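*Asks:* For reference, the structure I am asking about is given below.
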Amino acid sequence: MKARLLPLGIKNPMKTELPALVALEAIGQPWFCENHRTDLQAIGLVAEILAAEGSQIHLLACALLSALESHELAGDSMRPLVVSVSAWMQRQPNARVQAAIDSLLAGMHKQAA
């Protein structure tokens, strides 16, 4: 089955931005769960693949992923990372984002096999 991309330049904030922002707000709350952590990891991993190595956004994505490894997350220190990475991601062409997602999923399938 062929994947369908949104027209270039059109993103659905409910699917792309909202999960990360909800996860950010959930940090420190009793309703925080691993799905929230996964939503934050997703934007970090995609940005890490898309951004040029050593660029500001690449460093922010790496910092986000590193912070997510901690058992105790600090929302105040994570907020600028999540907001910056999410905002940068929204400016990327859909085809590039989809290619990064496909690359991540292919790597997961190889590990599972």
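*Asks:* Please report the accessible area of residue 101 (heavy atoms, 1.4 Å probe, ligands and nucleic acids excluded) in Å², nearest 10.
*Replies:* 60
*Asks:* Calculate the spin-label point distance for residue 72 paired with residue 108, positioning each point 7 Å from the Cα along the beta-carbon direction, and give it in nanometres.
*Replies:* 3.0
*Asks:* While we're on this one: Using a 1.4 Å probe and counting only protein heavy atoms, arrange 78, 108 so the residue with the most accessible area comes first.
*Replies:* Solvent-accessible surface, decreasing: 108, 78.
*Asks:* Sorting 69, 34 by accessible area (1.4 Å probe), largest first, what list results?
*Replies:* Listed by decreasing accessible area, they come as 69, 34.
*Asks:* If you roll a 1.4 Å probe over the heavy atoms of the protein chains, what accessible area per residue do you get for region 62-101, in Å²?
*Replies:* 53
The values are calculated or read from the model by the stated rules, or taken from the named source; none is laboratory data. What you see is a predicted model, and the numbers here were worked out from it, not measured in a lab. Glycine also receives a Cβ, built like all others from the backbone with ideal geometry; neighbour counts cover every protein chain displayed. Note: areas computed on protein heavy atoms with side chains; ligands, DNA, RNA excluded. Shrake-Rupley method; radii C 1.70, N 1.55, O 1.52, S 1.80 Å.
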